[in-house]
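Enquirer: I am attaching a structure below and will ask some questions about it afterwards.
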Amino acid sequence: MTEGTTLLRLARIDYAAPGIHLFDFRHPQGEALPPYAPGAHVDLHLQGDLVRQYSLVDPAGVDAVYRVGIKRDPRSRGGSAAAHERLRVGDLLPVSAPRNHFPLDEAAPHSVFIAGGIGITPVACMVQRLLALGRGFTLHYAVRTRAEAALLDRLGAEGVHLHVDDEAGGRWLDVAAAVAAVPDGAAAYCCGPAPMLDAFEAAARARPSLCWQVERFAPTAEAASAGGFVVRLAASGRCVPVGPGQTILEALRGAGLSVRASCRQGICGTCETGVVAGTPDHRDALLSDDEKRSNKVMMICCSGSLTPELVLDL
Ligand code: FES
């Protein structure tokens, strides 16, 4: 069994929208599962090396289940195809504990969400939590056709603005306008396809006081693999050279060290490692600008070094 995972049983598959199914995972002996906060995801070890991250759709509750929504992507690199074509109710799968790099600020006076397509999955969890707390929110949910709007039954009615491209003459949601309309003091979130996330980030950066977060399912930069630096392990003082064509993760594993990783693309956070000294060359899609500037942590699967030596908390 892969380190850091629990074998869970696929207990149920539900239709949510065309090409989108909800997969319920439960402990085989009915034991409780580690809790999580809205915005969290789990890694599904679908087969062999095939590990994919999927957001939890519903808030943690008395029902001991991890429910993820998976869209069958015609350009699938294997993950969604494996889930839709091979998974059967009753299968046992290694599943990681939940991790959360897209946390909900429950104390914000108002929350504004912009979600596109399957990007609704973490947002649905957040919205349900706010509904339970009785807190206000605005959700701009963009889909290509009305039939593709999954999880609507969980989102309430007030504050939900459904944008259907087909019904708007093929026009996409005006993300810049939605961000410009976010009230001062509100927290803003976006999850969806890359063009939506890029538009959101550009508009959000134009409002320096805005508190915002994005959740990406794809890398935003090439992994740093130029090498030419040394990683020193803070605990032992051991030095591991990182050569051309290598990531830090590959160099450490090549040196016989056991280091945890999952996506190897800078999108899941499994390999997050503390930085003791040196300046990382951040390439991940997870850390905020402030987190990157602080250089306290880095994702060693994809980020490199801007200094000849990096001292890592390993
Ligand atoms: S392994 Fe996923 S961010 Fe590094």
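Enquirer: Pick out the long, greasy-scoring helices in the chain: whole DSSP H runs spanning 15 Å or more along their own axis by Cα, mean Kyte-Doolittle at least 1.0.
Expert: Once both thresholds are applied, what remains is 120-133.
Enquirer: How about the range 22-126: which trypsin sites (Lys or Arg not before Pro) there lie in a loop by DSSP and see at most 13 other Cβ atoms within 10 Å?
Expert: Filter output for the range 22-126: 75, 77, 88.
Enquirer: What number does the range 111-215 give for Rg over Rh if you use C-alpha atoms and the Kirkwood radius?
Expert: My calculation of the ratio gives 0.94.
Enquirer: By how many nm would the segment from residue 88 to residue 165 grow when fully extended, if each residue of separation counts as 0.36 nm and the alpha-carbon distance is taken off?
Expert: Result for the pair: 24.4 nm of gain on full extension.
Enquirer: I would also like to ask the following. Which percentage, to the nearest 5, of the DSSP beta bridges contained in the chain is antiparallel?
Expert: 60
Enquirer: Shifting gears a bit: Only counting other Cβ atoms within 10 Å, I'd like 239, 191 sorted with the fewest neighbours first.
Expert: Values: 239 12, 191 27.
By the 10 Å Cβ count, ascending, the order reads 239, 191.
Enquirer: For labels at residue 198 and residue 277 in the simple 7 Å Cα→Cβ model, what's the distance in nm?
Expert: Label-label distance for residue 198 and residue 277, simple model: 4.0 nm.
Enquirer: What's the FRET efficiency of residue 73 with residue 14 using the Cβ-Cβ distance as r and R₀ = 22 Å, to the nearest 0.05?
Expert: Working: r = 19 Å, r/R0 = 0.85.
Using R0 = 22 Å, I get an efficiency of 0.75.
Enquirer: While we're on this one: Rounded to the nearest Å, what's the spacing between the alpha carbon centres of the range 1-37 and the range 248-314? Just the number, please.
Expert: Result: 29 Å between the Cα centres.
Enquirer: List the residues, sorted by chain then number, that are 5 or more residues from residue 188 or on another chain and whose placed amide H is less than 5 Å from its amide H.
Expert: Residues meeting the amide H criterion: 112, 211, 212, 213.
Enquirer: For the chain, what is the relative contact order in percent, using Cα pairs closer than 8 Å and at least 6 residues apart in sequence?
Expert: Reported as a whole number, the value is 14 percent.
Coordinate-derived values only; no laboratory data. These figures come from a predicted structure and were not determined experimentally. All Cβ positions, glycine included, derive from the backbone under ideal geometry; neighbour counts span all protein chains shown.
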